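The next block holds one structure in the form of structure tokens; read it before the comments.
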Amino acid sequence: MCLAIPACVEKLTTDNHAIVNLSGIRKTVSLALVENIQPGDYVIVHVGFALQRLDPAEAERTLAFFAEMSSLDNQI
């Protein structure tokens, strides 16, 4: 099973890469597979590559769902 995670682009760097924020964790990812990404955009990240731009509302819903799952897991 593969899991792609929504991440917010914080900063564009050199050579078609960006620093993204994955729920507080900052990571450099490749933008080679997407076009016209700007800081503030949300992207789906899988194994170090941004796969596509994501609607901000959808990204927030997905991140909220992940947070809810995590809180339920901590209750068990």
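Under a 5 Å amide H cut-off, with hydrogens placed 1.01 Å from N, Leu51 pairs with Ile44, Val45, His46 among residues at least 5 apart or on other chains. Over all Cα atoms in the chain, the spread is summed up by Rg and Dmax: 12.9, 44 Å. Each of Asn36, Phe49, Leu72 was placed along the dipole of the chain (beta-carbon charges, centred on the mean Cα), and the one lying farthest toward the positive end is Phe49.
A simple charge model with +1 on the Cβ of Lys and Arg, -1 on the Cβ of Asp and Glu and nothing else charged puts the dipole of the range 5-75 at about 180 debye relative to its Cα centre. Rounded to the nearest whole Hz, the Karplus-based 3J(HN,Hα) values (6.51 cos²θ - 1.76 cosθ + 1.60, θ = phi - 60°) of the range 32-43 follow the sequence 4, 9, 10, 10, 6, 8, 10, x, x, 6, 9, 10, with x at glycine and proline.
Just so you know, all these numbers are worked out from the coordinates, no wet-lab data involved. In this text the structure is predicted, and so the values were computed from the model without any measurement. Don't worry about glycine lacking a Cβ; one is built from the backbone with ideal geometry, like all the others, and counts go over all protein chains shown.
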